[in-house]
1. Work out the length of the dipole vector of the chain about its Cα centre, built from +1 on the beta-carbon of each Lys and Arg and -1 on the beta-carbon of each Asp and Glu, and round it to the nearest 20 debye.
2. For a quick check, take a GNM of the chain with Cα springs below 10 Å and name the residue from T114, T87, T325 with the largest mean-square fluctuation.
3. Between helix 193-224 and the chain, what is the angle of the helix's C-alpha long axis to the longest principal axis, kept within 0 to 90° and rounded to the nearest 10?
4. What residues qualify as long-range amide H neighbours of L36, i.e. H under 5 Å apart, gap of 5 or more or another chain, H built at 1.01 Å from N?
5. Each residue of segment 311-316 in turn: what ³J(HN,Hα) in whole Hz from Karplus with 6.51, -1.76, 1.60 and θ = phi - 60°, glycine and Pro shown as x?
6. Taking only Cα atoms and a 10 Å spring cutoff, compute GNM fluctuations for the chain and point out the largest among L130, L89, L16.
7. What list do you get for Y313, Y330, Y239 if you sort them by fewest beta carbons within 10 Å?
8. Under a crude label model (7 Å from the Cα following the beta-carbon direction), how far is I289 from V134 in nanometres?
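Nothing in this text is a laboratory measurement; each read-out follows from the coordinates by a stated rule. Keep in mind it's a predicted model, so treat the numbers as computed, not measured. With ideal geometry, Cβ positions are generated from the backbone for all residues, glycine too; neighbour counts draw on all protein chains shown.
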Amino acid sequence: MITIHKFDEQGELSPLPSDSIHDLHLNTEGNSGAGLIWIDLEKSTIQEDEIVFKKVFPVHKLTLEDISYLRDVNKKPHLPKVEEYPTYLFLILNPLCDDFQHATKVLDLDHATTQLSVFISPRFLITHHLSSLVGIREVMTYLERHALKPHHGSDFILHLIIDGIIDRYRPLLDSLEEHFNQLEEVVFVAPEKSKLQDLIGLKRVINVLRKTLVHEKEILFRLGRGEFQVISENRTIYYRDVYDHAARFIEAIENNRDMVSDLLQAHLSSSSNKLNEVMKVLTIISILILPMTVISGIYGMNFEHQPEVHWQYGYPMALFLMFLTSFGSYRFFKFIKWI
């Protein structure tokens with residue numbers, strides 16, 4: 001689906017019909033004074049991609065491969081990156097999926113992040129994503145209520161989008177921390193195999209989040225130091241602020257990674273201790289029964305000359321010896337505090 005928005009000279013946002021895409025010529029010089037244009041492609045078809053990126057706004061073939069990466073390569077998003085071309089700046093971001101963000105599918109790595117491709121120049125902004133993104137809708141709603149100021153441009157809208165993407169890590173990290181606290185209680189009280197699988201899954205999730213944030217932090221660093229002409233000098237400070245947010249979230253993820261590693265070690269230690277307790281109980285039972293087995297084995301031998309065999313108190317004496325040796329072993333274990 002193609003959505004087109006145009007900002008007039010007063011900064012007011014007005015939607016354009018989708019079929020007007022054929023009348024746009026974003027690379028022509030005459031379009032520079034017509035106001036900022038934002039084209040959003042949500043769950044677009046291959047035909048719609050060809051219209052936008054081959055006819056309306058021809059892009060490099062490598063860029064076209066990158067935006068189709070999620071569609072072609074087993075539905076895995078491309079890692080975040082930024083590249084500058086002569087007529088536009090191209091970015092790939094990995095926003096959190098809506099279900100994953102609210103921790104409803106916190107262990108589902110296939111729905112952890114998605115891909116958002118952004119094309120930006122002083123005259124236009126194109127966003128491309130194959131799944132619905134709440135962040136994009138929130139930015140559109142904000143711009144419908146608040147007109148762009150004269151010094152605001154496409155770099156301002158890009159800042160709003162990236163800021164929303166990074167800030168969405170906050171509720172997820174809070175949910176993960178709460179989840180860790182619950183697992184911590186279970187691990188030390190009653191470790192289960194299912195909890196071990198949850199811990200291993202959480203460790204994989206944290207590694208994915210960390211890798212994504214580290215790449216996006218690098219992008220923010222380059223945007224914040226004024227490396228690209230499309231980012232105005234007075235806008236770089238806002239990107240540096242988002243960079244600080246990303247750095248804090250990476251630190252929180254590092255703490256979570258240490259926590260899940262500690263919980264894994266605690267789970268393994270607790271399971272080993274539980275196994276040792278079981279083995280100790282079985283060993284004590286075996287040792288208590290062993291003297292009885294020895295005595296019954298001795299008096300169960302079929303030798304002709306066994307004096308106790310014909311003794312009228314032989315059977316009670318054998319039972320007494322079994323009880324005495326087992327009771328002695330039991331008192332010994334109590335003395336050394338094994339029981």
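1. On the way: 34 positive and 45 negative charges, 256 e Å.
Dipole of the chain, to the nearest 20 debye: 1220 debye.
2. T325
3. Taking the Cα atoms of the chain, the angle to 193-224 is about 30 degrees.
4. Long-range HN contacts for L36: F7.
5. Ordered by residue, 3J(HN,Hα) equals 7, 5, 9, x, 5, x Hz.
6. Answer for the Gaussian network model of the chain: L16.
7. The most exposed by this proxy come first: Y313, Y330, Y239.
8. My value for the distance between the label points is 5.9 nm.
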